[in-house]
Amino acid sequence: MADSTITVDDIEGELCKIERIRDVLVRRESELRYMMDDIQLCKEITRLKKDLHKLVSIPDNDKSKEDRQKEEELLQQIHKLVETRDYLVDDVEFERLRCASASVEPAMKPLSRYCDVPSCTQKELQPCNRLRVHPFFFS
């Protein structure tokens, strides 16, 4: 039989805390997925830039028609991946703003005793804090 000292309000309060904690964990999972996508995009862009650099290092007089075509294709692929990453960064910014508007701090107090799960703190509300801007986007 249930403990007679626990009230319905206590149970509802605990359920609300658990729901808020779940929401925080779902947001964190989403952040980690964004970060994985970012890493994969950056790796692919880096690989394409290396290939492009090899072609660009060939003097124009020595380039074949295929080299020029491949160079153009690489530029288009890089452009497409950078645009994809831009959309990803926009999504992260949207999520960051959504997180800022949600009050999750009270829900984290009981969870913080057991594990280190980040929540929306002032430090995390800085722009573009989740995705690093890699130098090769500016080279």
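The values are calculated or read from the model by the stated rules, or taken from the named source; none is laboratory data. Remember, it's a predicted structure, so these values are computed and weren't measured experimentally. Positions of Cβ are generated from backbone atoms using ideal geometry, with glycine treated the same way; all protein chains shown enter the neighbour counts. Accessible surface is based on the protein model in full, side chains and every heavy atom, while ligands, DNA and RNA are left aside. Shrake-Rupley method; radii C 1.70, N 1.55, O 1.52, S 1.80 Å.
Some observations on this one:
- Of all residues in the range 36-53, none satisfies being at pLDDT 90 or above and not in a helix (DSSP H, G or I).
- Exclusive hit being open to solvent by 60 Å² or more (accessible area, probe 1.4 Å) and under 23 Å from ASP91 (Cβ atoms), set ARG68, ARG27, ARG20, ARG47: ARG20
- The residues on offer are ILE78, ILE58, and the sole one that is of a type outside the set (Gly, Ala, Ser), at pLDDT 90 or above and not in a helix (DSSP H, G or I) is ILE58.
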